[in-house]
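Notes follow the structure.
Each value in this text was obtained by applying a stated rule to the coordinates, not by laboratory testing. What you are looking at is a predicted structure, and each value in this text was computed from that prediction instead of being measured. Methodologically, a virtual Cβ is constructed for each residue, glycine included, from the backbone with ideal geometry; neighbour enumeration extends over all protein chains shown.
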Amino acid sequence: MNKLKIIALFFMNCFLCITVKAQETAGEGVMRSNGKIFVVMAVVVTILIGLFLYLASVDRKITRLEKENK
Amino acid sequence: MIRQRWWKILSFLLLLYTCTYGFYVKVPRLDDRMQESIRNFFFHVPMWFGMMILLFVSVWYSVKYLRNPTIQNDSNASAFAATGTVFGMLGLITGAIWANYQWGSPWSGDPKQNGAAIAMLIYLAYFVLRGSITDDVKKARIGAVYNVFAFFMLFPTLWILPRLTESLHPGGEGSEGNPGINGQDMDAHMRMVFYPAVLGWTLLGVWISSIKTRYSLLAYQKMNA
């Protein structure tokens, strides 16, 4: 369980690093193009990843309870 | 299948695709009627598709319960109805946000809006009904019968009545066309995102419902242990 969390955090970090880097190097990079719509995209994707991680952890908790109850 | 992992990952990947490519894909200009807000097709409209599918699964389990009264069938029926109702609520709210900028006010008494609100109230009554009966068998049986009525009320409120009158929704001129979405507003590129979005959101709803079912079965076991 902890391993999965670490992997997920690692990927989220990578994603953030890439977007920040893109801003720094290009100035008018992908995050600033097209009326900053990609900022919204980054927010939505972060929420999506967070929600799925949460749902997966609830799923695992229920699975553990089911195993205990058997 | 419900215990397997692949469809949960598929749901995540489809929604990741929706939430990235959905912002990026070229959308038709449509004489600037909707501008970028047409991208709501990937978020608002799948709520209604997902709601319809989840509520169908719910009534399926209710009928199954009436033929074969098991706690599993009842838990599934109520969990899918709950998730379907949440999807419908989100559809109403996102629709109101969109309408505020598209039609000038969040609630304009559009026949589709009114019909959807009535449908949601009918489903809320399902939970009030279930909550008011303490006997488990009675609750499940009466709930199942009510759920059949509730599901068939979706057809007049969402599919028939909005077609009979003028609607602000695209394609709702008189009795012509579909009052929910105008298929001609979408081009091939949008469809490439729209259908995966519908599948992704629906699978997410199925996942949430399955967790709810498993939780209520555990609670039932604990109560009767």
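For chain B, take the longest principal axis of its alpha carbons; what is the angle in degrees between that and the long axis of helix B:136-154, to the nearest 10 within 0 to 90?
So the helix axis and the longest Cα principal axis differ by about 20 degrees.
With axes computed from alpha carbons, what is the tilt in degrees of helix B:71-102 against the longest principal axis of chain B, rounded to the nearest 10 within 0 to 90?
Between helix and principal axis, roughly 20 degrees.
All other residues with a Cβ under 15 Å from the Cβ of residue B:91 taken together, and with Lys, Arg as +1 and Asp, Glu as -1, what is their net charge?
Surrounding charge for residue B:91 is 0.
Could you point to the residue in B:42, B:7, B:84 farthest towards the positive end of region B:1-147's charge dipole, with +1 and -1 charges on the Cβ of Lys/Arg and Asp/Glu respectively?
B:7
Highest mean first, what order results for B:211-220, A:41-50, B:101-110, B:53-62 on Cβ atoms within 10 Å? Provide the component values of the computation, followed by the final result.
Values: B:211-220: 17.5, A:41-50: 15.8, B:101-110: 13.5, B:53-62: 21.5.
Listed from highest to lowest mean packing, they are B:53-62, B:211-220, A:41-50, B:101-110.
Beyond 18 Å between alpha-carbons counts as too far, so tell me which of A:67/B:222; A:61/B:212; B:64/B:138; B:64/B:139; A:70/B:139; A:67/B:138 fall in that bin.
Values: A:67/B:222 14 Å; A:61/B:212 12 Å; B:64/B:138 16 Å; B:64/B:139 15 Å; A:70/B:139 27 Å; A:67/B:138 30 Å.
Too far apart for the 18 Å limit: A:70/B:139; A:67/B:138.
Suppose every Lys and Arg Cβ carries +1 and every Asp and Glu Cβ carries -1, with no other charges. What dipole size does region B:1-115 come out with about its Cα centre, to the nearest 20 debye?
That gives a dipole near 440 debye.
To the nearest 10 degrees, how steeply does helix B:111-131 sit against the main Cα axis of chain B, on a 0 to 90 scale?
In chain B, helix B:111-131 runs at an angle near 10 degrees to the longest axis.
Taking beta carbons within 10 Å but only from partner chains, what does the mean come to for residues B:202-211?
Numbers: counts 0, 0, 4, 0, 0, 5, 3, 0, 2, 6.
If you average over the peptide's residues, the count of other-chain Cβ atoms is 2.
For peptide B:120-127, how many partner chain Cβ atoms fall within 10 Å of a residue's Cβ, on average? Mind showing how you got there, number by number?
Details: counts 0, 0, 0, 0, 0, 0, 0, 0.
Counting Cβ atoms of other protein chains within 10 Å of each residue's Cβ and averaging gives 0.
If you take the beta carbon distance between residue B:107 and residue B:165 as r and set R0 to 25 Å, what does 1/(1 + (r/R0)^6) give as a FRET efficiency, to the nearest 0.05?
Values: r = 17 Å, r/R0 = 0.67.
Calculated transfer efficiency: 0.90.
For chain B, would you read off the P(r) tail past 28 Å as a percentage of all alpha carbon pairs? Present the calculation step by step, with values, prior to reporting the outcome.
Details: 9076 of 25200 pairs.
For chain B, the fraction of Cα-Cα distances above 28 Å is 36 percent.
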